[in-house]
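Q: My questions will all concern the structure given below.
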Amino acid sequence: MSNDYFRFKRFTVKQDRTAMKVGTDGVLLGAWVAVNGSEKNVLDIGTGTGLLALMMAQKIPDAKITACEIDESACRQAIENISSAGWSERITVINTDIRAYAPNSEKFDLITCNPPYFEKSLKSRDGKRNLARHNDSLPFPDLMDCVHRLLRDDGRFALIVPEKKVGTIIELAAGKKLFPARRLNVKYRETGTTDRVILELSCIVRQPEETTLTVRTENGYSDEYKSVTKEFYLYS
């Protein structure tokens, strides 16, 4: 059973009222996203506990962050976590479907998303968990359309997806004139194959910077994983 909270260096994430708990995917995405401090408006789509919004607030002290979440209970949890961190003035949580929000919203310099990605797979009896994990509520074409509407011309979009979904995401993004700028291939175990891929997309066509990271070795978290996440994790 997952803990009711997860403690980071500068904030604590309570997760007793959300379907999706803090996990390696979200932490790695938030830690890996490149920022330079010029990002003024940041959006996190499907914020859940508020994890990525909190990580962006730590990484970009002057940014205004909008955290969008469709589930009401998760919104309340995110607001609690943001308030506890002391960042309520910088992070606004919006309880809405991103598809309803996108047409009339301002534009963003950076958008992050740890999207639901299961398709046509067996669902649990937990409706909220299904909402968080299955992309029925936000199919990839809808997600890319929203990002296209919400991203500034010089902005960037970062997301994490299973390796087998990368081709679909890149094709959909190209249809919206967004192209890979950076790519991180994530292996959970050093003896395995690529499990997840983190993509950073922008409107500039280029040869993407591509690297690979292994999360765990036989001795625990790898040195490279610790290096990427060191500003957030409390390692013993």
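Q: I want the local charge near VAL27. Using Cβ-Cβ distances under 15 Å, sum +1 for each Lys or Arg and -1 for each Asp or Glu among the other residues. Intermediate results must be reported in sequence, preceding the final value.
A: Numbers: positive: ARG7, LYS9, ARG10, LYS21, LYS59, ARG196, ARG216, LYS226, LYS230; negative: ASP25, ASP44, ASP195, GLU224, GLU231.
Result for the local shell: +4.
Q: What is the gain in length, in nm to one decimal, between ASN3 and THR194 on full extension, counting 0.36 nm per residue of separation less the C-alpha to C-alpha distance?
A: On the way: separation 191, 0.36 × 191 = 68.76 nm, distance 2.73 nm.
Contour length minus Cα-Cα distance gives 66.0 nm.
Q: Name the aspartates and glutamates eligible as straight-distance cross-link partners of LYS164: C-alpha to C-alpha under 19 Å, and not fewer than 8 places from it in the same chain.
A: Cross-link targets: ASP25, GLU119, ASP136, ASP142, GLU190, ASP195, GLU200, GLU210.
Q: Ranked highest first by the average count of other Cβ atoms within 10 Å around their residues, in what order do 94-104, 29-39 fall?
A: Details: 94-104: 14.8, 29-39: 16.6.
Sorting 94-104, 29-39 by mean packing, highest first, produces 29-39, 94-104.
Q: Where a ≥ b ≥ c are the square roots of the eigenvalues of the C-alpha gyration tensor, would you call the range 5-229 rounded, which needs a/c under 1.5, or, failing that, prolate if a/b is larger than b/c, or oblate? List each step's numbers first, then the result.
A: Numbers: a/c = 1.18, a/b = 1.05, b/c = 1.11.
Because its axes are fairly even, with a/c under 1.5, the range 5-229 counts as rounded.
Q: For the chain, give the share of DSSP beta bridges that are antiparallel, in percent and rounded to the nearest 5; count only bridges with both residues there. Display every interim value, and only then the final one.
A: Working: 18 of 45 bridges.
In the chain, approximately 40 percent of DSSP beta bridges are antiparallel ones.
Where a number appears in this text, it was derived from the coordinates with a stated rule and is not lab data. As the structure is a computational prediction, the values presented were derived from the model and not from experiment. Please note: Cβ atoms are built from the backbone with ideal geometry, for glycine as well, and neighbour counts cover all protein chains shown.
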